[in-house]
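The values are calculated or read from the model by the stated rules, or taken from the named source; none is laboratory data. Worth saying up front: this structure is predicted, and the values here are computed from it rather than measured. Cβ placement follows ideal geometry from the backbone for every residue including glycine, while neighbour counts extend to all protein chains displayed.
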Amino acid sequence: MKRIATIILAIAAVFSLLTACSGKTSGNGNDNTLVIGIDDKFAPMGFRDENNKIVGFDIDLAKAAAEKMGKKVQFQPIDWSTKESELSSGRIDLIWNGYTITDERKKKVLFTKPYLKNAQVVVTRNDSNITKLSDLAGKVVGLQSLSSASDALNANPIKSKLKTITEFKDNVSALNDLKSGRLDAVVIDEVVINYYMTKEKDTFKILDESLAPEEYGVGVKKGNEDLLKKLQKALNDMSTDGTAAKISTKWFGEDKVLK
């Protein structure tokens with residue numbers, strides 16, 4: 001019996017040693033690396049460039065914040081529809097990629113103070129005869145699954161008049177279907193479509209009527225107030241010393257960061 005107990009203790013010790021030596025095993029913010037969950041097709045907030053490198057406004061902002069916190073950063077592309085589950089499970093430390101603050105999400109995660117304004121808007125092809133929200137009646141509309149675009153559309157009376165709502169894994173897929181004619185319109189973040197319209201000026205147009213104003217924040221796991229406090233201090237410092245303004249000007253051509 002003693003021999004069996006000794007073997008079990010030895011195995012447990014080896015397992016503990018291997019775990020300790022393996023570096024980060026989950027996103028808990030307790031070691032020197034912050035694992036950040038992103039949608040890597042969400043330009044200009046976080047996306048892959050022509051060299052497959054993850055870049056963007058939120059990417060630069062997160063790197064700068066991590067540096068001020070004395071931490072390294074690891075960007076983890078995730079299925080955006082499971083973002084809160086990824087956070088609560090500990091596989092990531094933060095949700096940081098154009099993450100809209102909503103009352104429903106506040107029940108699941110802790111949020112930093114908002115750092116950027118946004119709105120959900122409707123985009124159509126440039127040659128479309130759709131000019132206002134009421135023109136969407138009987139039309140096929142696309143949006144990213146489990147996004148704030150879905151929340152905004154659900155809250156608007158026009159939803160009940162649509163022919164079909166098609167959900168996509170990411171905005172890129174939705175916009176491709178819009179260009180090909182499989183969709184009549186897409187509900188999307190204003191920040192995102194403004195970026196794409198600089199690349200394809202004659203392809204899309206945005207309706208004057210927006211669905212919902214909103215603000216972006218960083219999501220932290222419930223119960224991890226210490227990480228939230230340290231992150232918020234870093235963001236505050238970046239706002240004060242001009243770091244955030246410099247990053248905003250790089251990506252948007254002006255300082256759009258909330259003070």
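Here are some notes:
The rows are residues; the columns are (1) among the acidic types (Asp, Glu); (2) within 21 Å of residue 120 (Cα to Cα); (3) in contact with a Phe, Trp or Tyr (Cβ under 6 Å, 6 or more places away or on another chain); (4) not assigned by TED's automatic domain parsing to the domain that holds residue 168.
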position	(1), (2), (3), (4)
60	yes, no, no, yes
71	no, no, no, yes
90	no, no, no, yes
103	yes, yes, no, yes
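- Matching residues, segment 237-259, being touching a residue at least 12 places away in the same chain (Cβ under 8 Å) and surrounded by fewer than 20 Cβ atoms within 10 Å (Cβ to Cβ): 237, 239, 245, 248, 250, 252, 256, 258, 259
- Candidates are the residues of segment 89-124 that are small (Gly, Ala, Ser) and touching a strand residue (DSSP E or B) at 6+ places or on another chain (Cβ under 6 Å); the one that is nearest to residue 197 (Cα to Cα) is 119.
- Residues that are surrounded by fewer than 17 Cβ atoms within 10 Å (Cβ to Cβ), assigned to a loop (DSSP other than H, G, I, E, B) and touching a residue at least 12 places away in the same chain (Cβ under 8 Å), drawn from segment 90-107: 90
- Scanning segment 181-220 for residues being surrounded by 19 or more Cβ atoms within 10 Å (Cβ to Cβ) and farther than 20 Å from residue 148 by Cβ gives a total of 1.
- The number of residues in segment 149-180 being surrounded by fewer than 16 Cβ atoms within 10 Å (Cβ to Cβ), at pLDDT 95 or above and part of a loop (DSSP other than H, G, I, E, B) comes to 1.
- Taking the criterion of being of a type outside the set (Gly, Ala, Ser), part of a loop (DSSP other than H, G, I, E, B) and free of Cβ contacts under 8 Å to residues at least 60 places away in the same chain, the only residue of segment 54-71 that qualifies is 71.
- Pick from segment 124-144, criterion polar (S, T, N, Q) and surrounded by fewer than 16 Cβ atoms within 10 Å (Cβ to Cβ), ranking: nearest to the chain's Cα centre (by Cα): 126
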